[in-house]
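**Student:** Got a structure here, written out as structure tokens. Questions coming.
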Amino acid sequence: KQWYQRRVAITAGDQTGATVCKVSCPPGEISEGDECVPCPAGTAEENGQCVDCQAGYHSSKSGSTTCDACSAGSYSEVRAAECTKCTPGTYAEKEASTTCSVATAGTYVHDEGSTAATPCPAGAYCPMGSSVPILCPSGTYSSTVKLASAEECLKCDGGYYCATGSTAATPCPAGAYCPMGSSVPIPCPSGTYSSTTKLKSAKECVKYKVELDFIFINSSISNSYIGH
């Protein structure tokens, strides 16, 4: 610390030109009595006083003379020693942010400290504040982006099926049928078949002609027996 003298006028009695001493402190410190004390983290020295960093700024070390702006993707409150990264589901687009913005419905923010939200992809939906897309339920699909709720996923039409997170409906294969909202094809019932695709119900499956085959077999057996 450094000492200096300052002359002041004192009116008491007949004394004038008395000399007093005061501590001269380096930048970032203030005088307290005859000692120099550094301004604590979260503040900065300004004109001999420790001043709190305002929201959106910080000073990480004691003895600072300035407060630094928080980088994009983070924020701070008043008197912050460090900036806080935005949590998943939120973001800060600009420097010196005082708070993080919540991801709007139809978007999501996956990473900590993000500076922007990402549009929700096809086959999924994203409510407000999402950190990850949520897949459309089985039996539904979505070919468009930025859906905000499961209600916006489209139900599969009859003759098609949709697995979880589908971006398009898949035609029901031969040998099966798919009612509206199917998540998987349903095999035709025993004794029936289908050589065509996109069946909507079990009624469309065709019965095997078992009776004719049975008659033909019995007839062959009878003729063979008579011949012996």
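**Student:** Does the stretch 194-205 hold any residues that are surrounded by 14 or more Cβ atoms within 10 Å (Cβ to Cβ) and outside any helix (DSSP H, G or I), and which are they?
**Tutor:** Scanning the stretch 194-205 gives 194, 197, 198, 199, 200, 205.
**Student:** Could you go through the stretch 151-158 and let me know if any residue there is in contact (Cβ under 8 Å) with a residue 12 or more places away in the chain, farther than 18 Å from residue 181 by Cα and out of contact with any Cys (no Cβ under 6 Å at 6 or more places or on another chain).
**Tutor:** no
**Student:** Next question. With the requirement that a residue be closer than 30 Å to residue 151 by Cβ and buried (at least 18 other Cβ atoms within 10 Å of the Cβ), what does the stretch 63-87 give you?
**Tutor:** If the condition is that a residue be closer than 30 Å to residue 151 by Cβ and buried (at least 18 other Cβ atoms within 10 Å of the Cβ), then 86 is the only one that fits.
**Student:** Now a separate question. Report the residue count in the stretch 159-172 for those that are more than 32 Å from the chain's Cα centre (by Cα) and surrounded by fewer than 16 Cβ atoms within 10 Å (Cβ to Cβ).
**Tutor:** Taking the stretch 159-172 and keeping what is more than 32 Å from the chain's Cα centre (by Cα), we get 159, 171-172.
Next, only the ones that are surrounded by fewer than 16 Cβ atoms within 10 Å (Cβ to Cβ) stay: 171.
The qualifying residues number 1.
**Student:** Tell me which residues, restricted to the stretch 58-104, are closer than 17 Å to residue 42 by Cα and either in a strand (DSSP E or B) or without any contact (Cβ under 8 Å) to a residue 12 or more places away in the chain (or both).
**Tutor:** Result: 58, 68, 69, 74, 75, 84, 85.
**Student:** Going by the structure shown, is residue 33 on the phi > 0 side of the Ramachandran plot, open to solvent by less than 80 Å² (accessible area, probe 1.4 Å) and at pLDDT 95 or above?
**Tutor:** Values: on the phi > 0 side of the Ramachandran plot: yes; open to solvent by less than 80 Å² (accessible area, probe 1.4 Å): yes; at pLDDT 95 or above: no.
Considered against the rule, which asks whether it is on the phi > 0 side of the Ramachandran plot, open to solvent by less than 80 Å² (accessible area, probe 1.4 Å) and at pLDDT 95 or above, residue 33 comes out as no.
**Student:** Looking only at the stretch 187-202, which residues are of a type in the set (S, T, N, Q) and in contact (Cβ under 8 Å) with a residue 40 or more places away in the chain?
**Tutor:** 201 - this is the single residue of the stretch 187-202 that is of a type in the set (S, T, N, Q) and in contact (Cβ under 8 Å) with a residue 40 or more places away in the chain.
**Student:** When only residues in the stretch 90-102 that are touching a strand residue (DSSP E or B) at 6+ places or on another chain (Cβ under 6 Å) and of a type outside the set (Ser, Thr, Tyr) count, which is least open to solvent (accessible area, probe 1.4 Å)?
**Tutor:** Looking at residues that are touching a strand residue (DSSP E or B) at 6+ places or on another chain (Cβ under 6 Å) and of a type outside the set (Ser, Thr, Tyr), I get 92.
**Student:** Scan the stretch 171-186 residue by residue and report those that are assigned to a strand (DSSP E or B) and without any contact (Cβ under 8 Å) to a residue 40 or more places away in the chain.
**Tutor:** Within the stretch 171-186, the subset assigned to a strand (DSSP E or B) is 171, 176-177, 182, 186.
Matches in the stretch 171-186: 171, 176, 177, 186.
**Student:** Now for a separate question. Provide a single number: the residues in the stretch 123-147 that are out of contact with any Pro (no Cβ under 6 Å at 6 or more places or on another chain), within 21 Å of residue 89 (Cβ to Cβ) and surrounded by fewer than 19 Cβ atoms within 10 Å (Cβ to Cβ).
**Tutor:** So the count comes out to 6.
The values are calculated or read from the model by the stated rules, or taken from the named source; none is laboratory data. These numbers come from a predicted model, not from an experiment. All Cβ positions, glycine included, derive from the backbone under ideal geometry; neighbour counts span all protein chains shown. The area values use the complete protein model at the heavy-atom level, side chains included, leaving out ligands, DNA and RNA. Shrake-Rupley method; radii C 1.70, N 1.55, O 1.52, S 1.80 Å.
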